[in-house]
Amino acid sequence: MPVRGDGRELPTDRLVMAAVAFEGGEDIAEARHLARSFLTDLRKAHGVPVSDRAMGMVQLVVSELVTNARKYAPGPCLLTLEVEEGAVEVTVWDSEPCLPVAQAADPGRVGQHGLEIVMAVCRSFAMHREPVGKRVVAAVALADDPIGDEAGSA
């Protein structure tokens, strides 16, 4: 259960999430903007601590996963952000059933590091084939420490 900055739990009767479908013409910056707005609203409207690190990492994960979906899957993709157990679950569904594979680390390789970066910065990472396409789910912790280095607290 998510906990507010004052230590109280968020009400279980209110689902804290955002979702958007991308049809193909949208810029990846729109996905990052949705993530930033979601986290800002989470902090301001719900009192949930969101660290500076979480703010940046969620935007990075969203950017990488939506970029991969737009690049490798035909048709639309769906981005969902949801608070789950002290983390933001970033879920991207697309129509390509083939699961991505992270390449072996190679500091000489230019590009194609997105999936390995996502896997390195997330608390958890999973991929699932769906009846149509696949779903990639990555969770980023909201707070770096028990006090919570809140983003935008200045």
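The values are calculated or read from the model by the stated rules, or taken from the named source; none is laboratory data. Note that this is a predicted model, so its numbers are computed, not measured. All Cβ positions, even for glycine, are placed from backbone atoms using ideal geometry, and neighbour counts span all protein chains on display.
Here are the numbers:
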read-out	value
Given (1) of a type in the set (D, E, K, R); (2) over 14 Å from Ala21 (Cβ atoms); (3) touching a Pro at 6+ places or on another chain (Cβ under 9 Å), index of the condition Asp94 fails	(2)
Residue among Ala102, Ala19 that alone is more than 22 Å from Asp144 (Cβ to Cβ), in contact (Cβ under 8 Å) with a residue 60 or more places away in the chain and surrounded by fewer than 17 Cβ atoms within 10 Å (Cβ to Cβ)	Ala19
Criterion: touching an Asp or Glu at 6+ places or on another chain (Cβ under 7 Å), closer than 25 Å to Gly24 by Cβ and either of a type in the set (Phe, Trp, Tyr) or at pLDDT below 90 (or both) - qualifying residue of Gly133, Gly114	Gly114
From Val66, Val83, Val58, residue being in contact (Cβ under 8 Å) with a residue 12 or more places away in the chain and assigned to a strand (DSSP E or B)	Val83
Residue, surrounded by the fewest Cβ atoms within 10 Å (Cβ to Cβ), within segment 54-65, restricted to residues that are in contact with a strand residue (DSSP E or B) (Cβ under 8 Å, 6 or more places away or on another chain) and farther than 12 Å from Leu142 by Cβ	Leu65
Segment 100-141, residues that are part of a loop (DSSP other than H, G, I, E, B), over 22 Å from Ala18 (Cβ atoms) and under 18 Å from the mean Cα position of the chain (by Cα)	Pro100, Ala102, His113
Any hit, segment 41-49, residues being of a type in the set (Asp, Glu) and surrounded by 13 or more Cβ atoms within 10 Å (Cβ to Cβ)	yes
Subset of segment 90-99 that is of a type outside the set (A, V, I, L, M) and over 23 Å from Ser51 (Cβ atoms) - its residue that is nearest to the chain's Cα centre (by Cα)	Trp93
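Condition check ((1) closer than 15 Å to Val140 by Cα; (2) of a type in the set (S, T, N, Q); (3) at pLDDT 90 or above) across all residues:
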| position | (1), (2), (3) |
| --- | --- |
| His46 | no, no, no |
| Asp52 | yes, no, yes |
| Thr67 | no, yes, yes |
| Asp106 | no, no, no |
